[in-house]
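Participant: Take a look at the following structure, please.
The values are calculated or read from the model by the stated rules, or taken from the named source; none is laboratory data. As the structure is a prediction and not an experimental result, all values here were calculated from the model. Here the Cβ is made from the backbone with ideal geometry for all residues, glycine too, and neighbour counts use every protein chain on show. With ligands, DNA and RNA removed, areas are computed over all heavy atoms of the protein, side chains included. Shrake-Rupley method; radii C 1.70, N 1.55, O 1.52, S 1.80 Å.
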Amino acid sequence: MGNNMTLITEFILLGFPLGPRMQMLLFALFSLFYAFTLLGNGTIVGLICLDSRLHTPMYFFLSHLAIVDIAYACNTVPQMLVNLLDPAKPISFAGCMTQTFLFLTFAITECLLLVVMSYDRYVAICHPLRYSAIMSWKVCSTMAMTSWITGVLLSLVHLLLLLPLPFCVSQKVNHFFCEITAVLKLACADTHLNETMVLAGAVSVLVGPFSSIVVSYACILGAVLRIQSGEGQRKAFSTCSSHLCVVALFYGTAIVMYVGPRHGNPKEQKKYLLLFHSLFNPMLNPLIYSLRNSDVKNTLRRVLRMQRVL
């Protein structure tokens, strides 16, 4: 590469190649979505903390999911909003690497939390008499902490492989944030190992966990079908439907992006798919859980009534 090679110390995120008016419209729209994400997930966490009736394993994991969604959005959306206002504003090398690391951490943690939540529903429906013994607070805390720690450690592997790479080809990242595969394209060195690790990591944290969720819900379906009363079946299905919707949204988009075919999928399509994954998913999750969950709706009504009284 020569001794006169200039290494890049900052990147420019290309974001969305649109006109100024459209960018301002997207800025307003995405700002609104971002506010809804923070408000919705913050409300979920607040309600679970305030109401002792929601101090159960199911809502304990839901609070962790809401925290991950808040962190997920805070990591990518503010930078995206800045770039919509000023497309030429660069992001530092350290900032870009930090954003990549945090995005992977929160994504992996959410994958594992969804698996833990499916196991919780499996135990609740298939082994109801042993539920309290199996899902003790010690077990729940251990599973939640394991999800977070695993997310950090696996992301650290990708970061340690990414940091030594020299970046001298271009400083323009064809994305709205420092997504790892988009950043790797700018490296002026062999990135085969990095790309292999990204694919291997995606398979291990997406396909493996998703398969375990499918197995859990196959067992749940068998147990529900054995319930004699229609009311009992409806109640069992209602406790799982919200989680299934979130799993379908999260894993569906993530598997297409990172495990799907490498060819035949335009880069721009994957960019917009990741926009849905990182902006709309965190916003929709609290809506799905609040609209389809009577406990959360009842708690919200009680809190609102108390506010009126005060």
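Participant: Taking the Cβ-Cβ separation of Q228 and A28 as r and a Förster radius of 41 Å, what is the calculated FRET efficiency to the nearest 0.05?
Facilitator: Numbers: r = 53 Å, r/R0 = 1.30.
Efficiency for this residue pair is about 0.15.
Participant: What do you get for Rg/Rh of the chain when both radii come from the Cα atoms and Rh is the Kirkwood radius?
Facilitator: Numbers: Rg = 21.4 Å, Rh = 21.1 Å.
With Rg and the Kirkwood Rh in hand, the quotient comes to 1.01.
Participant: Determine the per residue accessible area of region 173-252 with all protein chains present and a 1.4 angstrom probe, expressed in square angstrom. Write out the running numbers ahead of the final one.
Facilitator: Working: 3670 Å² over 80 residues.
That works out to 46 Å² per residue.
Participant: How much length is gained if the chain between L156 and F280 is pulled fully straight, taking 0.36 nm per residue apart and subtracting their Cα-Cα distance, in nm to one decimal? Let's see the in-between values first.
Facilitator: Working: separation 124, 0.36 × 124 = 44.64 nm, distance 2.60 nm.
Stretched out fully, the L156 to F280 stretch lengthens by 42.0 nm.
Participant: Can you give me the relative contact order of region 142-209 as a percent, contacts being Cα pairs under 8 Å and 6 or more apart?
Facilitator: Details: 33 pairs, mean separation 20.5, N = 68.
Worked out over region 142-209, it gives 30 percent.
Participant: Along each of its three principal axes, how wide is the spread of alpha-carbon positions in region 1-84, in whole angstrom units, largest first?
Facilitator: In descending order, the Cα extents are 64, 38, 14 Å.
Participant: Please give the contour-minus-distance gain from R301 to T196: 0.36 nm per residue of separation, less the Cα-Cα distance, rounded to one decimal in nm.
Facilitator: Working: separation 105, 0.36 × 105 = 37.80 nm, distance 4.96 nm.
Full extension from R301 to T196 adds 32.8 nm.
Participant: Just to check, using Stokes-Einstein with a Kirkwood Rh over alpha carbon pairs, what's the diffusion coefficient of region 149-199 at 4 °C and 1.567 mPa s in µm²/s? Please list the in-between numbers first.
Facilitator: Values: Rh = 11.5 Å.
Translational diffusion coefficient: 112 µm²/s.
Participant: Once the cut-off is 15 Å, how many percent of the Cα-Cα pairs in region 112-172 end up in the long-distance tail? Each step should come with its number before you reach the end.
Facilitator: Numbers: 1180 of 1830 pairs.
Here the long-distance tail beyond 15 Å is 64 percent of all Cα pairs in region 112-172.
Participant: Mean separation of Cα pairs under 8 Å and 6+ residues apart, divided by the residue count of region 1-104: what relative contact order is that in percent? Walk me through the numbers before you get to the answer.
Facilitator: On the way: 72 pairs, mean separation 47.4, N = 104.
For region 1-104, the relative contact order is 46 percent.
Participant: With the alpha-carbon atoms as the only input, what is the per residue convex hull volume for region 66-140 in Å³? Walk me through the intermediate numbers first.
Facilitator: Values: hull volume 6.8 nm³, N = 75.
Per residue, the Cα convex hull of region 66-140 comes to 90 Å³.
Participant: How large is the charge dipole for region 9-130, taken about the Cα centre, if only the Cβ atoms of Lys, Arg (+1) and Asp, Glu (-1) carry charge, to the nearest 20 debye?
Facilitator: On the way: 5 positive and 6 negative charges, 39 e Å.
Using only the charged Cβ atoms, the result is roughly 180 debye.
Participant: How high is the FRET efficiency between T146 and A94 when r is their beta carbon distance and R₀ equals 25 Å, given to the nearest 0.05? Provide the component values of the computation, followed by the final result.
Facilitator: Numbers: r = 29 Å, r/R0 = 1.15.
The calculated FRET efficiency here is 0.30.
Participant: How big is the dipole moment of the chain about its Cα centre under a simple scheme where the beta carbon of each Lys and Arg is +1, that of each Asp and Glu is -1, and everything else is neutral? Debye, nearest 20, please.
Facilitator: 960
Participant: Compute all pairwise cysteine Cβ distances in the chain, then list the cysteines with no distance under 4.7 Å to another cysteine.
Facilitator: Cysteines lacking a close Cβ partner in the chain: C49, C74, C111, C126, C140, C219, C240, C245.
Participant: Using 0.36 nm per residue of separation minus the Cα-Cα distance, give me the extension gain between L221 and Y131 in nm, one decimal. Write down the numbers at each step before the final one.
Facilitator: Values: separation 90, 0.36 × 90 = 32.40 nm, distance 1.75 nm.
Here the answer is 30.6 nm.
Participant: For the ranges 46-53, 174-181, 93-100, what's the packing order if you count other beta-carbon atoms within 10 Å of each residue, average per peptide, and put the highest first?
Facilitator: Details: 46-53: 15.5, 174-181: 22.4, 93-100: 17.6.
Result, highest mean first: 174-181, 93-100, 46-53.
Participant: Let me ask something else about it. What translational D, rounded to a whole number of µm²/s, comes out for region 80-217 from Stokes-Einstein when the hydrodynamic radius is the Kirkwood one over Cα pairs, at 37 °C and 0.692 mPa s?
Facilitator: Numbers: Rh = 17.1 Å.
Answer, rounded: 191 µm²/s.
Participant: Moving to a separate point now. Order the peptides 9-21, 111-123 from the highest to the lowest mean number of other Cβ atoms within 10 Å of their residues. Walk me through the numbers on the way to the answer.
Facilitator: Numbers: 9-21: 14.8, 111-123: 22.3.
Top to bottom by mean Cβ count within 10 Å: 111-123, 9-21.
Participant: Which percent of the accessible heavy-atom area of region 54-199 goes to carbon and sulfur, probe 1.4 angstrom?
Facilitator: Using a 1.4 Å probe with all protein chains present, region 54-199 comes out at 71 percent carbon and sulfur.
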